[in-house]
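Here the structure is laid out as structure tokens; the discussion comes afterwards.
The values are calculated or read from the model by the stated rules, or taken from the named source; none is laboratory data. Note that the structure is predicted; figures quoted are calculated from it, not measured. Positions of Cβ are generated from backbone atoms using ideal geometry, with glycine treated the same way; all protein chains shown enter the neighbour counts. With ligands, DNA and RNA removed, areas are computed over all heavy atoms of the protein, side chains included. Shrake-Rupley method; radii C 1.70, N 1.55, O 1.52, S 1.80 Å.
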Amino acid sequence: MKSMPSPRPLTGLFFRMLLFGELLPSLLIMLVTVGAAAYLGNGVIDRQRLENVNAISRSVDRYLNTAEDVLKTTADTLTALQNHEHLGVVLEMARKNHRYFDVLYVIDAQGREVWMTPADPLYPPGFDMSGQVYFKNKVQSQTGISEPFPSFRTGLPTAIMSVNLDNGGQLIGELSLQALQDEVDAWADDRHTTYIVDQSGYLLAHPNTDWVDQQKNIKTWEVVQRGFQGASHLFYTAEDGQLMRASTTLTRQGGWLVVREASLQAVYGMYIPPLFGAAALISTIWIGLVIFFQRRMQTQVVQPLQALSRATEIMATGSGGQTPEIAITNRAFLEIHELTHSFNRMNQAILSRQEALIDSENRLQKIIQDMPVILVALDHNRHVCVWNKEAERATGYSREDILQSPDPMQLIFPHEADRERIRQIVFTLSGDFRGMEWELTGKDGENHPIIWSSIAFSTPIPGWSFWMVGLDVTLLRRIEAASRLSSDKIQAMFSSAIDGILFVDLGGQIQDANQAAVDMFHCGDHQDLIGHNMIERVIPADRDRARKDRAYTLDAGRLIKSEYRCLTMDGGELDVETSAALLRDMESAPIGFVFILRDITERKAIEAEIHRLNRDLEQRVMERTSQLDVSNRELESFSYSVSHDLRTLLRSLDGFSHILLEDYAEKLDETGRDYLKRISKAAQRMASLVDALLKLARITRAEINYSLVNLSSIADHYLAEQRAAYPERQVEIKVEQGMLVEADASLMEIVMENLLDNAWKFTAAQVPARIEVGRAAAEEENLTFFVRDNGAGFDMNFSSKLFGAFQRLHDGDEFSGVGIGLAMVLRIVQRHGGKIWARGSLNQGATFYFSLPCRGTRPPPGGNEQPYHSDCQADRAR
Amino acid sequence: MKNKCFFFSLAVIFLLVSCWPQPPILIGFAGQLSGKQSELGTQGRDGALLAVETINANGGVNGRRLQMLVEDDLGTPEGAAAVDQTLIDKKVVVIIGHMTSNATLGGLKVTEPAKMIMLSPTTSSSELTGLDDYFLRVQSDTGMMGRVMAEYAYSEDHLRTVACIYDIDNAAYTTSYLREFERVFTALGGKMTASVRFSAASNPTFSTYLPELRQDNPQALMIMASGLHTALIAQSVRMDGWQTPLIGVGWAMGNTLVENGGKAVEGMKISQTYDPQSKNPAMIDFQTRFKERFGHDPIFAATQSYETVLVLAAALEKTGGSSTGLREALLQIRNFPGLQGNLTMDPYGDVLRTNFILAVQDGQFVPIKQVDPEQP
């Protein structure tokens, strides 16, 4: 097939069009103009040169004619001359009057020299000249001028001219070629070279006279050859390579060639710069125009076309993304404009269709990729080309794993037998298949059962040689297995349960019963129970309840527990505890019940016995309690009366001591009075001790009534009273405000008063005294408060004795009190479930801490109190 | 398409390169071209020129043209040295010349240090024989010619006494010639009655030498000078009425001798390696072409210059136009077909060729005896 010629770029066409269509002709015109100018100008120059050549030729002729005339005249004179003695004179006159001869001499008929002028001793008269060419020529009847040669007489270049004498001799003249050169030199100018050549090619005259001297033969020169052929004007290339323009002519005498020539450089040299200038200018302008049009073509035609071409290429190959809109830059060329416009329209249309196609393709791809069914497709090389996400999920092999694997089959079917089987199915099957199950081996090494279907045979898809879909049934199979296991377990449980199990339909008919139930109802076989109505196995007294329970179960779905007295098949009775559950079908519709029955006949008997024993026990407890109450009341009454009586006695003791001191003071000596004072004092102290004991006892017994207590205000209140009572004391008091706690208000007052009293008391010696009440950092579930003073303090070694009743660490004289306060405080705090402790050192002050549990975390002891979340949260939040 | 363009361009380039004139091979020529004794020089130049023109017409040497640069050495040693230097400066590969022994000796002072090969068509001084130098020639040496002539004079012409006049302006030639002639001639039993020397440059009047020459009445006069001076001496001898046989030397053999000698030189015997009447077709062809080209007959100088250029061209073919190895190539010339017979270079660059004894008869040189070279 003949191949298409490869296309050429349009730019080149423009270039060639401009070059050949315009530049070349214009160059030709320029050349023709130059040529014509040169030719016409040349004509003038040539004419001028030819005139010169002719003039030179004429002067050469004149030279030769004159020389010949001189020779002939002299010969005539010699002929007429009778006296040979005058020969020398005539010759000498001839040579001197006419400078055309260097040497003149006469030879006789035998060729012997008769006379020579100027005389030469080497050539004396008698010298044999018969060997000379001109003598031979005469013998051979040849006349004319000889070739130039260096004269044997002068050594200068010469040519021989001779005339015959009547006596048979010859008059010989050696022409002065120098004289000829002088004739020619008269025409010399700085551009032209003029020279004369004889017919043998020897130079007779030339500006380079060496050439004449050296008998240079230029016969081979083109100018000589053509000159002798009659050319008047000619161009030729000289030996040195210069192009010459020559004019030639032949002399009449001697037939010599006169050449006048000049190199073209010399002739036209002066025209060349302006011509070159003009040519350069025209060329520059034209090249500028070419470039301008070239660029214009480039931007307005070629570039839009190239842009179109590129865009089309992008469109064709799809590389480079979306085909760009071609900017319509050129409005000068309608066709380009319309072409661009059409292209853009086409491009838009293609783009919108392409987008629709891509959308559709994307949707399809998304379906293929994301559908929860495995899709595997092979291309025509039977390589996997589609491996969707479900396939990836089911096998664990990514799309890349499969596509890049040299043998994906090997991956997913490690066993050759499996692969062979699959190949058989896939590649030799000549039809669709459905529901074929075979297992793939996943990346995790586990087998995954897949149910495969293919309609590739009936529904071929272009680009795919085979495709099939698979459903991963791994989960289903697991569920099946689990279900089977479950069923087995249930069966085992059913048959081996100790409790009786009955399946009963909604109508109450027993559907199935296990061995335990069979045993329970004393049947020979579980078939004996099947078909019986459940309700009939319950004693008539319980049947209504049983029916209610059944209704409840039907309604609620299950029955936790119920007890009936049942009838065995052999007429006996037994107690059963039962639980029931409603059985539902797939649609959650009730289909029956399952009852679990437990024989509780024995337990029932035991329970009855326990009930009886409990009743006896309660009776006895009640009796004992009432006895104890009586005893308590008696004890309290006793202690009260004892206390009261003791106080009465003590007051008597004290009173009478006072009377004795007042009334009988003078009857007693000092020692007696002192004893009495001691008695009185001891009695007072004992009374206060008894009061304290009573108080302590009360506190111990008192019922705690929780309420919100503001410890701050208790402290403020108490300290204000103290300040009023002891205005002389300088005490710096600092009470943190808002210390709320839930506790018994009156007991808390006792706590605070005791602690503050202590503080007040033990700071009596300090000026100024400092008492601080505040909250310490909260413990886990406790609120901790402190009372701090800068008083006497205590030795920490004895801190364990601080809270004992009637224990004092300080001298009773120094600090008043009975030593019961801290014991009370301890008791109250403990009763609230709290703790109390102290830190201090002697004379360094003391700090008493007590913590009370947060009430919010503890159930109220009474149950009628609202839990109050007070400072616990607030403290924890701090 | 691109390939076509490429090959087309390649072809054009090749064409341009092949058509582009390769630089010519420059060869120099130096000889006496002006003055009374210029015949040897101009003939030598014209012979060489004809050879160059012939070679160039046949395609040159290895496709390169020969270009001959011609210089006039004025026939003097000083002139020779000057023009040889000029030619060396113009980068010629070889200098053909000079035409006389004295000029050659002058030139060698320049060419030897420059290792420029000088290839002389006519220099025959035996002073240059057997030297391992850059001077080579296609001429037999004066020793050979002197010996041949001495043997001929003694044996054939039965001469026993010979007087001699010789030009000391070309002493290298004449004295060596004379020495060999005298050695052989006296060895044979002959006797040199007189040896008179003169200087051509001083335009001597030869009649003044005749008494000395005629003393002892020698049987023959041997003239060792250029053609012109041989003719002038011969004329002088004859005008003196002395009809003794004349013996010339190869140097004188030319048109100048017979033109100026006229009847005086009739019968003169000359020893030269040249036979103008050779029937060798190459020689006849050369003579024809030379006359056609220059309008007159060639003399030995033209013929041997022509041969010299042919030999040179053969050697240049081997060196590719370069002067490198040219000497060796020239020395390897064996049995080169010259115009007069085969040429063979000896290891010193001297040629072995046939010698002739010629006699002038009716203004023509007629060979009367041929002496072939002794093969080394």
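General observations
- Per residue convex hull volume, Cα atoms of the protein assembly as shown, in Å³: 564
- Portion, in percent, of the accessible area of the range B:143-272 that falls on carbon or sulfur, probe 1.4 Å: 45
- Each peptide in B:305-311, A:699-705 was scored by the mean count of other Cβ atoms within 10 Å over its residues; highest first, the order is B:305-311, A:699-705.
- Carbon plus sulfur fraction of accessible area for the range A:423-550, probe 1.4 Å, in percent: 56
- Label point of B:Gln215 set 7 angstrom out along Cα-Cβ; within the range B:128-169, amide nitrogens under 17 Å from it belong to B:161-166.
- Phi angles of the range A:439-445 translate, via the Karplus equation with coefficients 6.51, -1.76, 1.60 and θ = phi - 60°, into HN-Hα couplings of 9, 9, 9, x, 5, 7, x Hz per residue; Gly and Pro are given as x.
- Length available on full extension from A:Ile539 to A:Arg484: 0.36 nm per residue minus the Cα-Cα distance, which gives 15.9 nm.
- Available extension along the chain between A:Ala777 and A:Arg685 is 29.1 nm, counting 0.36 nm per residue and deducting the alpha carbon span.
- Between the helical axis of A:334-370 and the longest alpha-carbon principal axis of chain A there is an angle of about 30 degrees.
- Charge dipole (Cα centre; +1 on Lys/Arg Cβ, -1 on Asp/Glu Cβ; no other charges) of the range A:371-479 amounts to roughly 200 debye.
- Dipole orientation for the protein assembly as shown: of the candidates A:Pro121, A:Tyr849, B:Leu128, A:Pro121 has the Cα lying most toward the positive pole (charges on Cβ; Lys, Arg +1; Asp, Glu -1).
- With Rh defined as the Kirkwood radius, the inverse of the mean 1/r over Cα pairs, the Rg/Rh of the range A:497-599 is 0.94.
- Sites A:Gln424 and A:Phe457 - FRET efficiency at Förster radius 22 Å, r taken between beta-carbons, to 0.05: 0.90
- Two-site FRET efficiency, A:Ala745 against A:Glu446, from Cβ-Cβ distance with R₀ of 56 Å, rounded to 0.05: 0.15
- Cα centroid of the range B:25-50 to Cα centroid of the range B:86-131, whole Å: 14
- Karplus-derived 3J(HN,Hα), 6.51/-1.76/1.60, for each residue of the range A:49-66, Hz, glycine and proline x: 5, 4, 4, 4, 4, 5, 5, 4, 4, 5, 5, 5, 4, 4, 4, 5, 4, 4
- The range A:31-268 - percent of accessible surface contributed by carbon and sulfur, probe 1.4 Å: 52
- Across the range B:180-187, computed HN-Hα scalar couplings (Karplus, 6.51 cos²θ - 1.76 cosθ + 1.60, θ = phi - 60°) run 5, 4, 5, 4, 5, 4, 5, 4 Hz from first to last residue, x flagging Gly and Pro.
- Label sites at A:Phe433 and A:Ala764, each approximated as a point 7 angstrom past Cα along Cα to Cβ, lie 11.2 nm apart.
- Buried area at the A-B interface (accessible, heavy atoms, 1.4 Å probe, summed, Å²): 2400
- Reach of A:Lys667 by Cα under 21 Å, taken over lysines that are not fewer than 8 positions away in the same chain: A:Lys677, A:Lys681
- Counting every C-alpha pair in chain B, the share spaced more than 40 angstrom apart comes to 17%.
- On the basis of the beta-carbon distance and an R0 of 35 Å, A:Ala119 and A:Asp166 show a calculated FRET efficiency of 0.90.
- Eigen-decomposition of the gyration tensor built on the alpha-carbon atoms of the range A:42-149 gives equivalent ellipsoid semi-axes of 34, 17, 12 angstrom, largest listed first.
- Filter on A:Lys366/A:Lys389; A:Lys734/A:Lys835; A:Lys96/A:Lys216 - keep pairs with C-alpha separation over 18 Å: A:Lys734/A:Lys835; A:Lys96/A:Lys216
- In the range B:226-243, the residues whose accessible area drops by at least 30 square angstrom when the other protein chains are added to the isolated chain are B:Leu232, B:Gln235, B:Met239; the probe is 1.4 Å and only protein heavy atoms count.
- Interchain or long-range residues, amide H under 5 Å from A:His192's placed H: none
- Between B:Lys115 and B:Thr244, residue separation times 0.36 nm minus the direct Cα-Cα distance comes to 41.7 nm.
- Loop trypsin sites (Lys or Arg not before Pro), the range A:594-674 (other Cβ atoms within 10 Å of the site Cβ: 14 or fewer; DSSP): A:Lys667
- When only Cα pairs below 8 angstrom with a gap of at least 6 residues are kept, the range B:143-272 shows a relative contact order of 25 percent.
- Averaged over the residues of peptide A:603-609, the number of Cβ atoms from other protein chains lying within 10 Å of each residue's Cβ is 0.
- Counting Cβ atoms of other protein chains within 10 Å of each Cβ in A:118-125 and taking the mean gives 3.
- Solvent exposure of chain A as accessible area per residue, Å², 1.4 Å probe: 56
- When the listed pairs B:Lys109/B:Lys191; B:Lys109/B:Lys279; A:Lys219/B:Lys109; B:Lys263/B:Lys291; B:Lys115/B:Lys369 are checked against a 29 Å cut-off, the alpha-carbon distance exceeds it for B:Lys109/B:Lys191; B:Lys109/B:Lys279; A:Lys219/B:Lys109; B:Lys115/B:Lys369.
- Buried on assembly, the range A:186-204 (at least 20 Å² less accessible surface than by itself, 1.4 Å probe): A:Tyr202
- Cα gyration tensor, the range A:31-268 - rounded (a/c under 1.5), prolate or oblate: prolate
- Remark: relative contact order (chain A) = 5 percent; criterion is Cα-Cα distance under 8 angstrom and separation of 6 or more residues.
- Here the spin labels are modelled as points 7 Å beyond Cα on the Cα-Cβ line, and at A:Thr66 and A:Ser626 they lie 20.2 nm apart.
- Estimated distance in nm for a label pair at A:Leu357 and B:Lys369, the labels positioned 7 Å out from Cα along Cα-to-Cβ: 11.5
- Dipole orientation for chain B: of the candidates B:Tyr348, B:Ile165, B:Tyr154, B:Tyr348 has the Cα lying most toward the positive pole (charges on Cβ; Lys, Arg +1; Asp, Glu -1).
- The convex hull of the Cα atoms of the range A:443-497, projected and averaged over all directions, covers 6.3 nm².
- Rounded to the nearest 20 debye, the dipole size of chain A about its Cα centre is 1360 debye, using +1 on the Cβ of Lys and Arg and -1 on the Cβ of Asp and Glu.
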